[in-house]
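Read through the structure below, which is laid out as structure tokens, and then see the notes.
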Amino acid sequence: MVEVTVSRLGRDSSSNAFVVILREKAGTRLLPIWIGQAEAESIAMEMNQIRRERPLTHDLCKSIIVGLGASLRRVQIIRVQKSTYFAELLLQQVNGSTRIVDARPSDSIAIALRLSAPIFAEEALLTTLDIMGDSSTSESGGQATDYEQGSGSTAADAATAESERQASADALDAEQLKAYLENLRPEDFGKFRL
């Protein structure tokens with residue numbers, strides 16, 4: 001397992017789906033995972049410390065874990081099967097025993113951020129960013145775009161855009177990420193199967 005961090009959030013313009021890009025903590029390999037809008041907004045809100053008046057589902061999960069006296073030791077993204085990623089929450093109970101809870105990676109990431117828990121991914125799932133790769137549009141014509149403020153933007157969209165503008169110096173260059181995502185095809189997911 002390799003520790004990863006949330007590098008950025010974006011939107012795949014070909015499918016209009018959201019993408020969370022996980023980056024190897026001590027390297028440059030990436031793990032892009034397509035996620036739903038609600039999960040993307042939840043991740044963006046936590047990254048930018050935006051609080052709602054009432055708790056969201058991931059805030060509720062945090063409250064349940066803490067309320068039961070457990071702690072989230074780590075999140076593990078363990079495999080991909082038929083283009084679906086699988087993750088686990090490793091919970092440590094008060095009595096010291098460990099429980100493994102099956103979860104979606106998007107939910108796991110949102111909960112891990114709220115509980116400051118590390119995120120790990122199976123090494124075989126990570127891919128190397130081809131900086132020298134062709135930056136032309138892929139067969140599907142899709143490309144990833146960063147969140148943009150505009151009509152219909154949510155607070156989370158604005159927060160994500162601001163977060164990306166304030167990304168640390170070691171964050172991926174937007175053009176490198178764009179080139180990588182433009183060349184990603186659905187067939188590419190086959191090479192990640194364990």
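The values are calculated or read from the model by the stated rules, or taken from the named source; none is laboratory data. Note that the structure is predicted; figures quoted are calculated from it, not measured. As a convention, Cβ positions derive from the backbone with ideal geometry for all residues, glycine included, and neighbour counts pool all protein chains shown. Accessible surface areas use protein heavy atoms only, side chains included; no ligands, DNA or RNA. Shrake-Rupley method; radii C 1.70, N 1.55, O 1.52, S 1.80 Å.
Details
- When the residues of region 59-80 are filtered to those that are farther than 22 Å from residue 5 by Cα and of a type outside the set (Val, Ile, Thr), the one that is most open to solvent (accessible area, probe 1.4 Å) is 68.
- Breaking point among (1) farther than 15 Å from residue 122 by Cα; (2) among the hydrophobic types (A, V, I, L, M, F, W, C); (3) over 12 Å from the mean Cα position of the chain (by Cα), for residue 47: (3)
- Candidate set from region 61-88 (those that are among the small types (Gly, Ala, Ser) and under 18 Å from the mean Cα position of the chain (by Cα)); member that is nearest to residue 113 (Cα to Cα): 87
- Residue within region 9-26 that is at pLDDT below 90 and acidic (Asp, Glu) present: yes
- Search result, residues across region 109-127 that are over 13 Å from residue 65 (Cα atoms) and in contact with a strand residue (DSSP E or B) (Cβ under 8 Å, 6 or more places away or on another chain): 109, 113, 118, 119, 120, 121, 122, 123, 125, 126, 127
- Looking only at region 81-102, and only at residues there that are out of contact with any Phe, Trp or Tyr (no Cβ under 6 Å at 6 or more places or on another chain) and in contact (Cβ under 8 Å) with a residue 24 or more places away in the chain, the one that is surrounded by the most Cβ atoms within 10 Å (Cβ to Cβ): 85
- Residues within region 39-58 that are more than 13 Å from residue 113 (Cβ to Cβ) and either open to solvent by less than 70 Å² (accessible area, probe 1.4 Å) or not hydroxyl-bearing (Ser, Thr, Tyr) (or both), tallied: 5
- Scanning region 25-35 for residues that are small (Gly, Ala, Ser) and open to solvent by 30 Å² or more (accessible area, probe 1.4 Å) returns a single hit, 26.
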